[in-house]
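The values are calculated or read from the model by the stated rules, or taken from the named source; none is laboratory data. Since we're looking at a predicted model, the values are computed, not measured. Methodologically, a virtual Cβ is constructed for each residue, glycine included, from the backbone with ideal geometry; neighbour enumeration extends over all protein chains shown. For accessibility, only protein heavy atoms count, side chains too; no ligands or nucleic acids. Shrake-Rupley method; radii C 1.70, N 1.55, O 1.52, S 1.80 Å.
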Amino acid sequence: MKFGAVVAVAMVTGLLATACGSSNTSTGSKHRVPPTASMKPLDKVGAGEGLLNLIAWEGYVDDSWKKSFEQTTGCQVHAQYAGSSDEMVSLMQNGGGGQWDMVSASGDADLRLIYGGDVKPMNEKLISDWQNFQTYFKNPQYNTIDGVHYGISLQWGPNVLLYNTNKFKIAPTSWSAVYDNSNKGLVTAYDYPITIADAALYLSKSQPSLGIKDPYELTKKQFDATVALLMQQRQLIKKYWPSASEEISMFQNGDAFIGAAWPYQTIQLKAAGAPVADTIPSEGATGWGDTWMLATKAPHPNCAYLWTQYVSTAKVQAEQALFFGETPVNTKACGEMEALQAGSCAQYHASEPGSYIDTIHFWKTPETTCADGSENCIPYDQWVSAWTTIKG
Amino acid sequence: MAVKAVGRPRPKGGGAVPFAALFWRLPWLRSLLLLTPPLAWFVVIYFASLVLLLVTAFWTTDPFTTQVVQVWNTSNFERILNEPVYHDIVGRTVLLAVLVTLTDAALAFPFAYYMARVASRRVQTLLFAAVLLPLWASYLARVYAWILILNHSGLLNWSLQSIGLPPANIGYTNVAMWVVFSYIWLPFMIIPTYAALERVPESLLEASADLGARRWRTIRDIVLPLALPGVVAGSIFTFSLTLGDYITPVLVGGAGSTFIGNVVFSNIGIANNIPFAAALSTIPVAIMAVYLFIAQRLGAFEAL
């Protein structure tokens, strides 16, 4: 029986090796070449096809800005909302493609879509607002490989440390608060494998001897240390939060007092009068960056480009940022945000300089290939099974 | 023409509806045509999907693109057998399903007995409505109602504190799951138990009394054995529904409340590792097969 498993592993490794073999380009990059890398993107945007099928996060295709897009371009937008990055990947991969034009994927799904051949390169020159994007979001490593853009950045947000100000009179300055035994029963964490990166980020500062440079690229030793920390943290946790609304009610009902959160939860809790605040501790934070990606078999590419142009404009960027509680990538959106809601630009960190964004480690899919080209890193499927082990 | 020879009259309008005559002459053809759609549905959609599930369990996925690799191997099952966390999860799921079933049986029996044999017609109708009414509300709404009762500042702790007792912090624990599951599946136990109890002939109870058996003796030796198939039938529902649930553990459970269903869900939804999810979901199928075999031996299928 073991023999069968060995054969299977050998075959898979063989496949990977062949894929890797053809990939070492002249730039010296050790990354595999995505299957759609050579597909030439559109040179100019033609007339809309009248229809656009999107997979999106809930709230990303709201009527308040969808309506005017449909009127001006004649592209009827149909949005399928997905609940997680991985649901997006499943939707894109299953069913053979061809049903969907675009997906608003987060960084932890992007590389899987790119290397799965589910999305194809986009021409950033056709998106005039791209020039106004924060420098980081023009070519973030989760959607741009060897200078080829597999999508256009949309919005981003940090994973902040949310805490109850009655319980924690002094703002915590370190993520150590969520691993501290004295906070037993007060802590919560996001119920999702990517939470492992939060712990790895903390260890990269608290235990420099482990040598963690990137919380998404962990060797076996680093990964085991991170999992051990999370197993220890489990004793402090009453409940992991499965969705934003769950975390909100846990903070409201006294079932959680400190834990990682999105700015959305802080805004909602503050609006409801709960005594909470959030902070980005000294170790920095993980974060997410969302990208509109174009499906390889997109049946309506012109409408897709028209949509990307539209959602990249300062006005729509500001509307979406305020609607969802996240930060626009278009630097021009700040003024629009202020016009809609005074003080919101600073509140969402939309005016922060690049140095602030450098403290955020954006979600990306963990791969076997580390940054130095070695094949020692722990891939995402092992993150998923480790997460099952951690939760027990 | 054989038909004419036997002397059967031709059906009226037979010429207008050519098939009618054919069906009349060949009755088996009619049953064949009537039965084909439901049978085809059963075989193709119901049975084939189960077979596909079983086959998929022996495949694997490419770790990076998460696409299914159709190479026959047993690594998924080896992983379940070798990693202790999956033993814990399967053990927890089965244990809770058993606990919920026993709790529901203990609660449902006196209730159903009262409904079937003691209550007046009017009260019986009222009780029926009371049992079935929660089923009209959404499952999620009922689970959320329990969160409001059990959480830290919920109704339970508030009541305890107002009578001077310390708070019972059972929100987001396995105890909370046990309470919520027992509540949610209770009607599925009461109805079959009621049906079985109602069928116990009055004459047997009278005969038992005539022979000098006291009330408890009659219940133990006459009512319980006759009602057992109904309880077992109900337990099929409570056991299998708890075994397959994955929403209540997410909403009501705490840090160590993962069920088989949650791991299946996260392997499909998060990891997109459908072969491993398929391998895991064969476990409840196997457990239910054994359970149904025992239930059948106890006569539960006659009580359904």
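Numbers for the structure displayed
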| read-out | value |
| --- | --- |
| Principal axis dimensions, chain A - Cα atoms, whole angstrom, descending | 62, 62, 36 |
| Highest-fluctuation residue, B:THR248, B:THR173, B:THR36 considered, GNM on chain B with Cα pairs under 10 Å | B:THR36 |
| Above-threshold pairs, the threshold being 31 Å between Cα atoms, out of A:LYS125/A:LYS315; A:LYS238/A:LYS315; A:LYS120/A:LYS332; A:LYS66/A:LYS270 | A:LYS238/A:LYS315 |
| Accessible area in square angstrom per residue, the stretch B:200-281, 1.4 angstrom probe | 40 |
| Qualifying chymotrypsin sites (Phe, Trp or Tyr not before Pro) in the stretch B:36-84, DSSP loop, other Cβ atoms within 10 Å at most 16 | B:TRP72 |
| Shielded by partner chains, the stretch A:102-116 residues - at least 40 Å² of accessible area, 1.4 Å probe, vs chain alone | A:ARG112 |
| Shielded by partner chains, the stretch A:364-392 residues - at least 30 Å² of accessible area, 1.4 Å probe, vs chain alone | A:ASP381, A:VAL384, A:SER385, A:THR388, A:THR389, A:LYS391, A:GLY392 |
| For the pair A and B, total buried accessible area rounded to nearest 100 Å², probe 1.4 Å | 3300 |
| Packing rank of B:25-33, B:98-106, A:207-215, where each peptide gets the mean count of other beta carbons within 10 Å, highest leading | B:98-106, A:207-215, B:25-33 |
| Charge-dipole axis of the stretch B:83-303 as Lys and Arg at +1 and Asp and Glu at -1 on Cβ define it, positive-most pick from B:LEU156, B:ALA300, B:VAL98 | B:LEU156 |
| Alpha-carbon Rg with Dmax, taken over the stretch B:62-134, Å | 23.3, 66 |
| Check: the protein assembly as shown dipole with +1 on Lys, Arg Cβ and -1 on Asp, Glu Cβ, in debye | 2540 |
| D_trans [Stokes-Einstein, Kirkwood Rh over alpha-carbon pairs] for chain B, 37 °C, 0.692 mPa s, µm² s⁻¹ | 138 |
| Share of carbon and sulfur in the accessible heavy-atom surface of the protein assembly as shown [1.4 Å probe, %] | 64 |
| Relative contact order of chain B, pairs being alpha-carbon contacts under 8 Å that are 6 or more residues apart, as % | 23 |
| Estimated FRET transfer efficiency when R0 is 60 angstrom, pair A:SER351-B:SER49 (beta carbons, to 0.05) | 0.65 |
| Reachable aspartates and glutamates, given that their alpha-carbon falls under 17 Å from the alpha-carbon of A:LYS138 and they are not under 8 places away in the same chain | A:ASP110, A:GLU124, A:ASP129, A:ASP146, A:ASP290, A:GLU352, A:ASP358 |
| For the protein assembly as shown: span of alpha carbons on each principal axis (Å, largest first) | 93, 87, 58 |
| For the stretch B:158-184 and the stretch A:150-203, distance of Cα centres in Å | 28 |
| Segment A:THR219-A:GLU338, extension gain: residue separation times 0.36 nm, minus the distance between their alpha carbons | 38.4 nm |
| Positions from the stretch A:229-263 whose accessible area shrinks by 50 Å² or more when the full protein complex is built, not the chain alone, probe 1.4 Å | A:LYS238, A:LYS239, A:GLU246, A:ASN253, A:ASP255 |
| Top of A:ALA109, A:ALA371, A:ALA314 by mean-square fluctuation, Gaussian network on chain A, Cα under 10 Å | A:ALA371 |
| Unsatisfied cross-links (Cα-Cα over 29 Å) in the set A:LYS167/A:LYS205; A:LYS205/A:LYS239; A:LYS44/A:LYS213 | A:LYS44/A:LYS213 |
| FRET efficiency, 1/(1 + (r/R0)^6) with R0 56 Å, evaluated for B:TRP158 and B:ALA207 via beta carbons | 0.60 |
| Sites B:ARG220 and B:TYR144 - FRET efficiency at Förster radius 35 Å, r taken between beta-carbons, to 0.05 | 0.30 |
| Selected from A:GLN232, A:GLN309, A:GLN71 as most flexible by GNM, with chain A as the system and alpha-carbon contacts under 10 Å | A:GLN71 |
| CD proxy at 222 nm, helix term only [per DSSP H run n ≥ 4: -39500 (n - 2.57); per residue of chain A; nearest 500] | -11000 deg cm²/dmol |
